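Have a look at the structure below before the remarks.
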């Protein structure tokens with residue numbers, strides 16, 4: 001498959017390395033940025049063809065897919081253009097800046113008959129896959145509690161970058177930009193959330209428009225309840241955690257480790273070997289291995305004419321949860337969805 005990369009900012013590096021690793025099955029036709037300096041820096045590092053003309057990408061019938069790595073507020077228009085030109089899309093999270101635009105984006109891909117995959121790579125971590133299997137095998141029994149904690153650190157300099165942490169460009173703060181990964185994994189394990197209550201604030205730690213600290217509670221479709229905690233104020237940053245409690249046992253992911261203990265005396269302990277990283281001041285301090293797994297799944301989905309593991313429709317679930325948490329905090333009441 002010939003693929004084009006659209007957007008060469010901070011998020012490009014793990015994707016470029018993944019494309020290099022999978023070059024036997026994917027060819028980069030062009031890498032686009034409107035900024036000359038970014039194009040030249042990308043070409044020097046990765047030796048891939050570059051372009052400053054995005055129309056060239058959408059008008060080239062030999063390009064079968066686009067990898068979109070631009071800011072969230074540009075996603076809807078770019079996916080609409082890709083769908084109109086018959087190109088499959090692998091899209092960096094989040095889908096868009098609001099749930100309404102996210103739904104419109106997913107519908108554009110579906111109406112255009114193209115595949116839409118979303119880069120929510122935590123689902124592809126070996127410990128995530130292992131825990132998903134434990135749950136589906138029924139080893140935890142009925143899930144009665146499912147909780148997630150994200151304790152990141154971002155210095156003020158991170159939010160001083162133009163557009164960072166604003167509603168106009170990013171759509172939100174810690175939930176939509178950082179917490180979305182952990183919350184998406186939680187939903188994939190515990191099932192669909194149906195109700196949320198939360199507090200969300202911007203603390204004195206940061207000068208920014210959107211929230212940097214959220215504490216909430218969630219009720220799931222199966223009756224399970226749990227807590228959600230997310231912040232970028234936790235210096236120097238610690239690994240994220242997910243905890244599931246069931247009628248037959250308990251399982252916890254923290255950082256790169258999975259520990260599960262069962263009522264029958266059995267237990268499991270696994271380590272990824274590849275730390276997710278990104279909890280501290282350098283948001284890109286992680287291996288590209290899970291991004292590569294996302295790309296491989298996307299290529300396979302196109303080749304096999306199936307949906308990617310994290311499709312646009314699947315990604316809407318975490319967007320709905322994030323919107324419910326923020327609405328609850330704003331309105332001071334429980335939000336059903």
Which residue fluctuates most in the GNM of the chain (Cα springs below 10 Å): 33, 128, 157? 157
From the mean inverse distance of alpha carbon pairs (Kirkwood) and the Cα radius of gyration, derive Rg over Rh for region 110-160. 1.15
Could you give the spread of the C-alpha atoms of region 221-337 along their three principal axes, from largest to smallest, in whole angstroms? 45, 39, 35
Looking at the square roots a ≥ b ≥ c of the eigenvalues of the Cα gyration tensor of region 1-127, which shape do they give, rounded for a/c under 1.5, prolate if a/b is larger than b/c, or oblate? rounded
If I take R0 = 41 Å and measure r between the Cβ atoms of residue 331 and residue 22 in this structure, what FRET efficiency does the formula 1/(1 + (r/R0)^6) give, to the nearest 0.05? 0.35
Stretch residue 10-residue 60 to full length: gain in nm at 0.36 nm per residue minus the Cα-Cα span? 15.4 nm
Arrange the peptides 87-97, 134-144 so that the one whose residues have, on average, the most other Cβ atoms within 10 Å appears first. 87-97, 134-144
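Considering Cα pairs under 8 angstrom that are at least six residues apart, work out the relative contact order of region 2-121 and quote it in whole percent.
That works out to 24 percent.
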Which of 62, 98, 229 moves the most in a Gaussian network model of the chain with Cα springs under 10 Å? 62
Along the Cα→Cβ direction, 7 angstrom out, place labels at residue 74 and residue 169. What is the inter-label distance in nm? 1.1
Quick check: pseudo-label points 7 Å beyond the Cα along Cα→Cβ at residue 287 and residue 156, how many nm apart are they? 3.7
Hull surface over four for the Cα convex hull of the chain, reported in nm², is 16.5
What length, rounded to one decimal in nm, is gained on full extension from residue 313 through to residue 300, with 0.36 nm per residue of separation minus their alpha-carbon distance? 2.9 nm
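Where Rh is the Kirkwood radius over the Cα pairs of region 212-251, the temperature 10 °C and the viscosity 1.306 mPa s, what D in µm²/s does Stokes-Einstein return?
131
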Let me have the 222 nm mean residue ellipticity of the chain computed from DSSP H runs of 4+ only, each contributing -39500 (n - 2.57), with the sum over all residues rounded to the nearest 500. -10000 deg cm²/dmol
May I ask you to list the residues of region 65-91 whose amide nitrogen lies under 15 Å from a point 7 Å from Cα along the Cα→beta-carbon direction of residue 209? 71-74
Using the 2.2 N^0.38 Å rule of thumb for compact globular proteins, work out how region 82-240 stacks up: its C-alpha Rg over that value, please. 1.14
Kirkwood Rh and Cα Rg combined as Rg over Rh, evaluated for region 150-249: 1.01
So for the pair residue 247, residue 35, with labels modelled 7 Å out along Cα→Cβ, what separation do we get in nm? 5.5
With everything on Cα atoms, drop me the angle between helix 180-190 and the longest principal axis of the chain, reported from 0 to 90° to the nearest 10. 50
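Order of 77-85, 247-255 by packing, highest average Cβ count within 10 Å first? Each step should come with its number before you reach the end.
Values: 77-85: 19.3, 247-255: 17.6.
In decreasing order of mean packing, 77-85, 247-255 become 77-85, 247-255.
Relative contact order of the chain, please, whole-number percent, based on alpha carbon pairs below 8 angstrom and at least 6 residues apart.
After rounding, I find 20 percent.
Output the peptides 172-181, 41-50 sorted from most to least packed, where packing is the average of other Cβ atoms within 10 Å over each peptide's residues.
The packing order, highest mean first, is 172-181, 41-50.
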To the nearest 10 degrees, how steeply does helix 312-331 sit against the main Cα axis of the chain, on a 0 to 90 scale? 60
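Read the figures in this text as sums done on the coordinates, not as results from a lab. All values reported here derive from a predicted model rather than from experimental measurement. Here Cβ is always computed from backbone atoms with ideal geometry, including for glycine, and neighbour counts include all displayed protein chains.
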